[in-house]
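Engineer: Sharing a structure, written as structure tokens. Questions coming.
The values are calculated or read from the model by the stated rules, or taken from the named source; none is laboratory data. Model, not experiment: these values are computed from the prediction. In this analysis, Cβ positions are derived from the backbone assuming ideal geometry, glycine residues included, and neighbour counts consider all displayed protein chains. Calculation scope for accessible area: heavy atoms of the full protein, side chains included, ligands and nucleic acids excluded. Shrake-Rupley method; radii C 1.70, N 1.55, O 1.52, S 1.80 Å.
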Amino acid sequence: MKRPTYTLPSIVKKVFRSGERSLPRMEICARMEENELTAYTDLDSGSLLDTVLKMEQTPVRVGSSEAIVELTYQPHQLYDLAYRFLRDTQTPKLVEQIVAELRRHTQFGWNQTLRLLQLERDPRFVQFQGDSRWFLAEWTLANDQVFAFCEKNGITQVTSRSLVHFLEQEVGVAVDAAFLPGLDDRFRIDGDTLYITVTGNEAEPDLAAQEVAAAAVPDLVSAEEINQHEKKHQVLKEMKEDHTMNNVQSQSVFQEVQQLLEEAVNRLELRHAEMSQEVVAHFQQSNMQAIEVLMKEKHKNEQIALGIRQVLAASEQQ
């Protein structure tokens, strides 16, 4: 049985309530069992806690005595900025996307931000197994709600075009809730359709879930942004060909170009979230022609996004 499951450090962090800095070991284990956080893991609560305590990047450590466990988190402005970024956008983010956003609001460099921003230690951030994005611990998970609604109403499939409207208007999924069909074998994604599998014996790769999530709402980008992406690509190419550049300066510029490209992808994803309301509006007005136009634009932008990712992949191999 496959269900969205928090990573082991995230399970421990979910146990701590707001304002709590330490807890007795027995209380942590009791809360894990009470909230069924270990239901889809191969470990009991005690073994899970011991495993997390031994991790290099662990959110907890042994306290004043072996019976006490305390958080390792230390307050820092970067954590607060990252928290506000996810809270305001209401969408999970990769750490690279978070760093790109923080660079816009601080004087910290890319590497310095990455070094300081250890989200593994902050109890406000959690991850799911099989998903490298960061979620807020306060967000709920909508998978059970969606499945129960579909089972009750005999719904066996939903198209990607109507997915946003279906989740928000029919199922009533909260704005800050996460729906992760790719991590749940009760759902199956095939092409542009989400199938609800009542028997729950089919599983889909996580990659398929990401592709359908991206296809659910068209991404748009202006001609000016396209030109900017092409210029950044050219800058990266010229930078690689300049063998006389000082090594330290070259590395700095190289990282800056990488950051700009990652920020471009981040803006596309932000636009992705904004477009959901426009899609819903067209759907409610039965304006399929407008949706078709958006889908054509989406295809063009997918090519742009692909080009950016290829540039980033090539740069990482240098």
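Engineer: Greater than 29 Å separation of Cα atoms is the criterion. Which listed pairs, Lys14/Lys54; Lys152/Lys300; Lys13/Lys93; Lys14/Lys93, meet it? Provide the component values of the computation, followed by the final result.
Structural biologist: Working: Lys14/Lys54 18 Å; Lys152/Lys300 39 Å; Lys13/Lys93 18 Å; Lys14/Lys93 19 Å.
In this structure, Lys152/Lys300 exceed 29 Å between Cα atoms.
Engineer: Moving to a separate point now. To the nearest 0.05, how large is the calculated FRET efficiency for Arg21 and Asp144 if R₀ is 30 Å and r is the Cβ-Cβ distance? Could the numbers behind the result be given before it?
Structural biologist: Numbers: r = 31 Å, r/R0 = 1.04.
Efficiency, from the Cβ-Cβ distance: 0.45.
Engineer: Using θ = phi - 60° and the Karplus relation 6.51 cos²θ - 1.76 cosθ + 1.60, list the HN-Hα couplings for the stretch 178-190 in order, rounded to whole Hz, with x at every Gly or Pro.
Structural biologist: 9, 10, 10, x, x, 9, 9, 6, 7, 10, 9, 10, 9
Engineer: Could you give the nm distance between label points at Asp80 and Leu260, where each point is 7 Å from its Cα heading toward the beta carbon?
Structural biologist: For Asp80 paired with Leu260, the spin-label model returns 3.2 nm.
Engineer: Order the peptides 154-167, 51-64 from the highest to the lowest mean number of other Cβ atoms within 10 Å of their residues.
Structural biologist: Numbers: 154-167: 17.1, 51-64: 14.5.
Listed from highest to lowest mean packing, they are 154-167, 51-64.
Engineer: For a quick check: with amide H placed at 1.01 Å from N, whose amide H comes under 5 Å from Gln129's, ignoring anything fewer than 5 positions away on the same chain?
Structural biologist: Here Thr5, Tyr6, Thr7 satisfy the definition.
Engineer: Over the stretch 140-196, what is the percentage of antiparallel beta bridges among all DSSP beta bridges, to the nearest 5?
Structural biologist: On the way: 7 of 9 bridges.
Percentage antiparallel, nearest 5: 80.
Engineer: What accessible area per residue, rounded to a whole number of Å², is obtained for the stretch 8-71 using a probe radius of 1.4 Å?
Structural biologist: On the way: 3580 Å² over 64 residues.
With the other protein chains kept in place, the stretch 8-71 gives 56 Å² per residue.
Engineer: Starting from the 7 Å offset along Cα-to-Cβ, what nm value, one decimal, do you get for the label separation of Asp50 and Thr89?
Structural biologist: Using points 7 Å along Cα→Cβ, the separation is 4.0 nm.
Engineer: So who's got an amide H within less than 5 Å of the one on Thr197, skipping anything under 5 residues away but keeping other chains? H placed 1.01 Å off N, in plane.
Structural biologist: Amide H neighbours of Thr197, under 5 Å, 5+ apart: Phe187, Arg188.
Engineer: Here's another thing I want to ask about it. Under a point spin-label approximation (7 Å from Cα along Cα-to-Cβ), what is the Asn153-Gln169 distance to one decimal in nm?
Structural biologist: 1.1 nm
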